[in-house]
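Please read the structure below before turning to the comments.
The values are calculated or read from the model by the stated rules, or taken from the named source; none is laboratory data. A quick note: this is a predicted structure, and the numbers were derived from the prediction, not measured. Cβ coordinates were reconstructed from backbone atoms using ideal geometry, including for glycine residues, and neighbour counts include every protein chain displayed. Each accessible area value is taken on the protein alone, full model and side chains, heavy atoms only, with ligands, DNA and RNA left out. Shrake-Rupley method; radii C 1.70, N 1.55, O 1.52, S 1.80 Å.
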Amino acid sequence: MKVTLSVIKADIGGFPGHSSMHPALMEIARQELGKQKGKLLIDFKVLHCGDDLELIMTHTKGVDNKLIHKLAWDVFVKGTAEAKKLKLYGAGQDLLKDTFSGNVKGMGPGVAEMEFEERKSEPVMIFMADKTEPGAWNYALYKMFADPFSTAGLVIDPNMHDGFTFEVHDLFEHKKVLLKCPEEIYDLLAFIGQPARYVVKHVFRNSDKMIAASTSTQRLSLLAGRYVGKDDPVMIVRAQSGLPAVGEVLEPFSFPYTVAGWMRGSHHGPFMPVGFDQATPSRFDGPPRVICAGFQLSGGVLEGPCDMLKDVSFDRARKMANEIADYLRRHGPFEPHRLSADEMEYTTLPGVIKKLEKRFRKI
Ligand code: 13P
Ligand code: 13P
Ligand code: MG
Ligand code: MG
């Protein structure tokens, strides 16, 4: 049986501000998805990362399925009504359209999906982030699937030795390219080192083309043409048996690398790995957070979640992230804490600059 794993998320209102999630919204999501358990859905889980509501669903309908996307959309619409009633902050923030058009892609919510034949044992890691953007997964995916200093299996495991192919999307020009690694790692890095524009969408195993990872790539500002909050992304990664071990999938997050999206979507900050109960970005609306829900799939049933990044082995990464946060914060409005000028075009800053345009004189 082929199982589809769909992770669909949206910010439909923060509590308070952009920091966390009101329990009433989680409850609505659980109730609504619960009505479809055993019908449209095999199983589901509802989580949150900061102010983003995360719907994790299994079914047999394949990716981009209209019924599944409509179900998620309806949950977000119903949740938004409650968020408005409670006057939560930015109620309905990520719902850019009024009516559902068959697929939530392009409507605001983020989507990561994959369909596969369940293996004898099927460990999957679902990553969810807040206060950052889709390109935030680029570094981690490179480490997991292309860097033998991070993933020992690339050297040791004969089933991984042929490497992996990265599907990279150019979010500005709407183009994609497949880059086969290890042969093309330099070419890959030439693009994905610019995560605001080039984003890894899928990773496939070279030996059999099996799908190993899938991410959400929606950029809200590019969809809406204006700043509407950050496109806090999600990612699905399968593990073990010819794929990176669970620990190899998690290893990249032991380093709190720099990502874009902190405070007003306008600042760089360290990507801090945390447990579910610490996914509440507060200092300067951050620093950016990542959580990971680990599952074993069993006939599509989601055994879990295990709170993978809560572990003490990530304590040092959290401490380092706080130190980096101190360092960057002291830059105040200066780059590189503030994003570069071309990225600031998608924030509220151009409004300020426009106001002063007439005051400039030739020199
Ligand atoms: P076990 O021997 O515990 O299955 O571990 C194998 C492995 O690959 C751990 O990284
Ligand atoms: P979100 O994208 O998580 O809503 O955050 C927006 C923001 O401006 C935080 O400072
Ligand atoms: Mg928000
Ligand atoms: Mg958010």
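Give me the distance between the Cα centres of the range 285-309 and the range 104-161, rounded to whole Å.
Taking the Cα centre of each part, the range 285-309 and the range 104-161 sit 13 Å apart.
Length gain on complete extension for the stretch Met320 to Ile185, per 0.36 nm per residue less the alpha carbon to alpha carbon distance? Don't skip to the end; give the middle numbers.
Details: separation 135, 0.36 × 135 = 48.60 nm, distance 2.81 nm.
Net length gain for the segment: 45.8 nm.
Rounded to a whole number, what % of the accessible area of the range 148-302 do carbon and sulfur atoms account for, probe 1.4 Å?
55 percent
When all alpha-carbon pairs of the chain are counted, what percent fall beyond 31 Å?
More than 31 Å apart: 31 percent of the Cα pairs in the chain.
Report the gain in length on full extension from Glu335 to Glu303: 0.36 nm times residue separation, minus Cα-Cα distance, nm rounded to one decimal.
Using 0.36 nm per residue and subtracting the Cα-Cα distance, I get 7.1 nm.
Which pairs break 26 Å Cα to Cα here: Lys87/Lys319; Lys84/Lys230; Lys84/Lys105; Lys85/Lys201?
Over 26 Å apart, Cα to Cα: Lys87/Lys319; Lys85/Lys201.
Under 19 Å from the 7 Å Cα→Cβ point of His161, by amide nitrogen: which residues of the range 201-217?
Flagged as within label range: 205-210.
Report the accessible area of His202, computed with a 1.4 Å probe over the heavy atoms of all protein chains in place, in Å² rounded to the nearest 10.
40 Å²
What shape does the range 189-291 take by its C-alpha gyration tensor, where a ≥ b ≥ c are the square roots of the eigenvalues and a/c under 1.5 counts as rounded, a/b above b/c as prolate, and the rest as oblate?
oblate
If I model a spin label at Asp170 and Ile353 as a point 7 Å from the Cα along the Cα→Cβ vector, what separation in nanometres do I get?
2.3 nm
Expressed as a rounded percentage, what relative contact order does the chain have, with Cα pairs under 8 Å and six or more residues apart?
Across the chain, relative contact order equals 18 percent.
Quickly work out the Leu178-to-Asp208 label distance, labels modelled 7 Å from Cα along the C-beta direction, and quote it in nm with one decimal.
Roughly 1.7 nm, to one decimal.
Compute the accessible area per residue over the range 233-363, keeping the other protein chains in place, probe 1.4 Å, unit Å².
With all protein chains present, the range 233-363 gives 52 Å² per residue.
What are the aspartates and glutamates whose alpha-carbon lies under 14 Å from the alpha-carbon of Lys209, with same-chain residues fewer than 8 places away excluded?
Glu115, Glu117, Asp162, Glu167
Subtracting the Cα-Cα distance from 0.36 nm times the residue separation, let me have the gained length for Phe149 to Arg226 in nm, one decimal.
Details: separation 77, 0.36 × 77 = 27.72 nm, distance 4.01 nm.
Answer, rounded to one decimal: 23.7 nm.
Say the cut-off is 21 Å between C-alpha atoms; which of Lys37/Lys66; Lys9/Lys131; Lys78/Lys131 go over it?
From the list (Lys37/Lys66; Lys9/Lys131; Lys78/Lys131), the Cα-Cα distance tops 21 Å for Lys78/Lys131.
Roughly how many whole Å is it from the C-alpha centroid of the range 198-244 to that of the range 58-75?
18 Å
For the range 107-147, which whole-number percentage of the solvent-accessible area (1.4 Å probe, protein heavy atoms only) is attributable to carbon and sulfur atoms?
Carbon and sulfur: 49 percent of the exposed surface of the range 107-147.
When ligands, DNA and RNA are left out and all protein chains stay put, how many square angstrom of accessible area per residue does the range 4-142 have with a 1.4 Å probe?
Accessible surface, normalised per residue, equals 36 Å².
For Glu345 and Phe284, FRET efficiency with R0 = 25 Å and r from the beta-carbon atoms, rounded to 0.05? Before the final figure, lay out the partial values.
Numbers: r = 22 Å, r/R0 = 0.87.
Approximately 0.70, to the nearest 0.05.
Got the relative contact order for the range 225-363 handy, in percent, Cα pairs under 8 Å and 6 or more residues apart?
Numbers: 172 pairs, mean separation 32.3, N = 139.
Reported as a whole number, the value is 23 percent.
Measuring from label point to label point, each 7 Å out along Cα→Cβ, what is the Arg361 to Lys85 span in nm?
Here the answer is 6.0 nm between the modelled labels.
Nearest 0.05, what FRET efficiency do Ser121 and Lys78 give at R0 = 30 Å with Cβ-Cβ as r?
E(calc), rounded to 0.05, equals 0.25.
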